[in-house]
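Coordinate-derived values only; no laboratory data. Here the structure is a predicted model, which is why all the values come from computation and not from measurement. Don't worry about glycine lacking a Cβ; one is built from the backbone with ideal geometry, like all the others, and counts go over all protein chains shown.
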Amino acid sequence: MRLGIFGAAGEVTGSCTLVETGRIRFLVDCGMFQGGPEARGKNLRALNFGCNVREIDFVLLTHAHIDHSGLLPRLAVLGFRGPIYATPATIALLEVLLPDSAHIQEKENEWQLRHRHRRGKSERGVPAPLYTVAEALSVLKLLRPVAYRETLAAAETVEVCFHDAGHILGSAWLEVTVGGEGRPRRLVFSGDLGMPGRPVLCDPEPVMAEADVLLIESTYGDRRHRSLPETEDEIVAALERTRAAQGNLIIPSFAVGRTQEIIYLLADLARRKRLAPLEVYVDSPMANAATRITLAHPELLDPETRELISWQQAHPEKMKLEFVADAECSKALNEVRSGAVIISASGMCEAGRIKYHLRENLPRSECSVLIAGFQAAGTLGRRLVDGARLVRIFGEPVPVRARIYTVGGLSAHADQAALLGWLRGFRKAPRQSFVVHGEAAASANFAAAIHDQLGWPDVRLPHPGEQFAI
Ligand SMILES: [Zn+2]
């Protein structure tokens, strides 16, 4: 058996692993590279496995995030026609996320072409989208639902079981058993693991097994998250200060996962009377869709969340929650001068309706911005976190007079202690462990922690494209 790690090695995007065993070939995840100027080239060079993609029998998908799923339409464009197995909630999210990813690329391409025309330049060199909306829609037909804890016979010699990873709705870690000649081998793929004890989703299901091979994520493999009570105190402080100053609180938020978590925290703080009655507007078509999908899967939510949803429905006066649908209503929100909590995307303030809300509210010292997610270098969100006094939005200078709050305790990823806790579920050390999905320093630090604290002998840090005989 051979294992090829083609992405998310020494970085956090582009997750893609090829497993070859006998005549069977399959992928675990097929993610897009994101962030930084090299991402585009990496996406164009990706999916180069040294075999025709038609020879890949199937794909196992851990979850819907684009850095794990975003090259699936490209795989199909290149000729892949096999089944793509994922949980039903992951499929529901992909139906929104993949066409949106294509739409963003098409818009970017149109913008660049227009820009060239205006300057009288030729269209040569303008990168085409990796795939179109039509191509993204057509790959959805290859998706096949698999429930958690159900055994799927993906091929004659390959059995797969999806387990709840507690990272985003529908996320899974995978247990793969490969039979054929000799002793069956068990492979465990962590996908992205959530932080236990956090609202909305269930905790990651523990491993209670042995494995020959393990791939473990390490996004926060070198860190410890702040506790939830500290995060709640920070949110209360930001809201109280903004209310007293008669401004608005703007929360840039990732549409999937983070938005639902923030709605939960605000409702819970209102229920516990730590916050006076609130008016919350969720202004992002993608966040609205993701919230609808979340509410359509109550069986995936933790019991506290189900209880909180009933409370909120019974007490709408304690927290008015409005999902803003059309662009006109979104514009009307710009007229609101005080008392509104506006949650909008994108999470790093680079696109979407959040830019309008920032343009209106950043120049006003009575307003606040609450940053609750990771902000990559070079983004508008990062400039705000770094204390910029002047930013540019839609090409215009915007002074920053609003107070910027950064809350550190919300993360969809387990921290070092939680990752090690999950690994302790293995009855004995896997024969070979690969630390992936982390910046180089985080992965190296985590590999050392596994070695030191768990005493596992064979822990590796793969390079992109590196292949291993198992
Ligand atoms: Zn993820």
For the stretch 396-470, what ratio Rg/Rh do Cα atoms give with a Kirkwood hydrodynamic radius? 1.20
Sorted by average packing, counted as other Cβ atoms within 10 angstrom per residue and highest first, what order do 341-350, 273-282, 305-314 take? 341-350, 273-282, 305-314
On a full-extension model of 0.36 nm per residue, what is the gain between Arg119 and Ser138, subtracting their alpha-carbon distance, rounded to one decimal in nm? 3.3 nm
Taking 7 Å along the Cα-to-C-beta vector as the label spot, tell me the Ala417-Arg81 distance in nanometres, rounded to one decimal. 5.3 nm
Taking only C-alpha pairs under 8 Å that are 6+ residues apart, what is the relative contact order of the stretch 228-406 in percent? 31 percent
Which whole-number percent gives the relative contact order of the chain, counting Cα pairs below 8 Å spaced six or more residues apart? 19 percent
Would you please put 253-259, 206-212 in order of how densely packed they are, using the mean number of other Cβ atoms within 10 angstrom per residue and starting with the highest? 253-259, 206-212
The ³J(HN,Hα) series, computed from each phi in the stretch 73-78 with the Karplus coefficients 6.51, -1.76 and 1.60 at θ = phi - 60°, rounded to the nearest Hz and given as x for glycine or proline, is x, 5, 4, 5, 4, 7
What lysines does Lys121 reach when the alpha-carbon gap must be under 20 Å and sequence neighbours fewer than 8 apart in one chain are set aside? Lys107
Let me spell out the model: positive unit charges on the Cβ of Lys and Arg, negative unit charges on the Cβ of Asp and Glu, origin at the Cα centre of the chain. What dipole size does that give, in debye rounded to 20? 1240 debye
Between Arg40 and Arg272, 0.36 nm times their residue separation minus their Cα-Cα distance comes to what? 78.8 nm
Given the Cα atoms of the stretch 228-406, and with Rh set as the inverse mean 1/r over their pairs in the Kirkwood sense, what is Rg to Rh to two decimals? 0.95
Return a single number: how many Lys pairs in the stretch 228-406, at a sequence separation of 8 or more or on separate chains, have alpha-carbon atoms below 23 angstrom apart. 4
At a threshold of 8 angstrom on Cα-Cα distance, excluding pairs fewer than six apart, so keeping six or more, what relative contact order does the stretch 373-449 reach in percent? 18 percent
